[in-house]
1. Since residue 280 meets every condition but one in (1) at pLDDT 95 or above; (2) surrounded by 24 or more Cβ atoms within 10 Å (Cβ to Cβ); (3) in contact with a helix residue (DSSP H, G or I) (Cβ under 9 Å, 6 or more places away or on another chain), which condition does it not meet?
2. Just to be sure before I move on: is residue 263 farther than 19 Å from residue 404 by Cα, outside any strand (DSSP E or B) and touching a residue at least 24 places away in the same chain (Cβ under 8 Å) in the structure I sent?
3. So, of the residues in the range 112-138 that are free of Cβ contacts under 8 Å to residues at least 60 places away in the same chain and in a loop (DSSP other than H, G, I, E, B), which turns out to be farthest from residue 201 (Cα to Cα)?
4. State yes or no: is residue 342 within 21 Å of residue 394 (Cα to Cα) and at pLDDT 95 or above?
5. Name the residues in the range 162-184 that are more than 16 Å from residue 71 (Cβ to Cβ) and crowded, with 24+ Cβ neighbours inside 10 Å, would you?
6. How many of the residues making up the range 226-240 are under 15 Å from the mean Cα position of the chain (by Cα) and surrounded by fewer than 24 Cβ atoms within 10 Å (Cβ to Cβ)?
7. Give the range 139-151 a look and list any residue that's part of a loop (DSSP other than H, G, I, E, B) and buried (at least 24 other Cβ atoms within 10 Å of the Cβ), or say none.
């Protein structure tokens with residue numbers, strides 16, 4: 001069964017409910033502007049946004065109270081479009097979804113280079129506990145918060161969509177894959193201020209899940225945070241994750257793994273990726289690193305899980321920052337292989353790459369009243385410095401490893417300026433006293 005909707009302000013939910021009652025079908029939004037309140041997808045229903053059609057949402061957070069979700073993120077507990085415990089759902093087409101991000105910030109903060117977001121912002125799409133999910137072809141613009149959030153879903157295909165967000169509005173992650181199993185993401189274009197494609201295992205009233213068998217390939221990502229990422233929410237385990245044949249362009253961090261909340265992270269591959277990483281103002285996490293892996297406790301009662309068996313191979317490009325591997329405890333990061341990695345490091349205009357970034361830390365959970373900033377974003381201590389930023393010992397190297405076991409470097413070539421700029425370490429490979437020397441092999445620094 002198909003229902004065609006002209007751009008006349010009709011209540012879209014009534015049509016979705018009618019399709020569900022009839023056993024399923026497709027709701028097709030015809031070319032033109034469609035303005036909607038909350039939408040809830042039902043089993044066996046496809047929302048098709050046709051070429052030339054724009055689906056816009058009324059920018060009023062309270063209007064979406066009935067679209068509440070189990071995972072609260074950045075104070076948000078609701079979304080424009082939701083689905084709960086349903087099967088065989090899809091959002092497809094060549095049209096657009098517009099998130100009206102302009103209505104959810106209080107202005108631009110020159111000191112940190114970002115807009116200051118409203119305390120409450122809806123996500124665009126949240127699917128929870130769903131199976132056989134497809135997102136194909138659509139363009140999503142100006143999300144006020146996380147754009148696509150998939151929670152405890154399985155058998156998911158995300159293909160050919162575009163996410164085009166404001167590059168200076170925090171927490172506007174492109175695609176968040178949260179405690180999902182068997183997910184394939186391909187041919188995606190993302191431009192956003194926050195993480196591009198991000199895997200998480202969040203904690204909610206429904207418990208803790210795991211991320212397993214996740215394939216991301218043939219994507220183009222621009223991010224002012226981390227383009228291809230695992231964490232920081234990491235209560236459950238991650239296993240068998242592959243990021244392949246993709247490009248990271250005009251971004252802050254390229255590849256990242258962040259263990260904070262007890263789950264282990266094992267068997268991860270980053271392969272055949274071109275990167276272009278640059279410094280950002282210190283309001284953004286990180287600054288120009290091609291690869292960052294950090295393991296750090298942020299809750300004293302939950303030690304951060306071990307990151308192990310990570311393979312990074314056939315990675316080329318340029319960066320302002322170094323490869324950074326930091327574990328709070330000895331062996332917190334283990335079994336890391338960098339093979340055929342060819343990078344050119346350049347001196348950045350801001351100088352922020354000369355510090356490694358441990359955010360989020362335990363301070364972000366309960367910010368002291370006497371510090372400036374915003375928790376889980378940036379906090380400035382009494383000394384005027386951002387909490388969590390640490391100077392590299394002896395200056396910025398090409399590769400930095402702290403408490404990292406079984407590190408293998410094979411065919412790693414990092415070209416640095418000659419002469420070295422001020423603040424750079426004369427030693428390109430900086431392995432601290434608690435980390436064994438690399439197991440290999442072929443390295444040119």
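1. Residue 280 satisfies all of (1) at pLDDT 95 or above; (2) surrounded by 24 or more Cβ atoms within 10 Å (Cβ to Cβ); (3) in contact with a helix residue (DSSP H, G or I) (Cβ under 9 Å, 6 or more places away or on another chain) except (1).
2. No; evaluated as a whole, the condition is false for this residue.
3. The selected residue is 137.
4. Criteria not met by residue 342.
5. Answer for the range 162-184, where residues must be more than 16 Å from residue 71 (Cβ to Cβ) and crowded, with 24+ Cβ neighbours inside 10 Å: 163, 165, 169, 170, 172, 174.
6. Of the residues in that region, 1 qualify.
7. Scanning the range 139-151 gives 143, 144, 145, 146, 147.
The values are calculated or read from the model by the stated rules, or taken from the named source; none is laboratory data. As the structure is a computational prediction, the values presented were derived from the model and not from experiment. Using ideal geometry, Cβ is built from the backbone for each residue, glycine included, and neighbour counts are taken over all protein chains shown.
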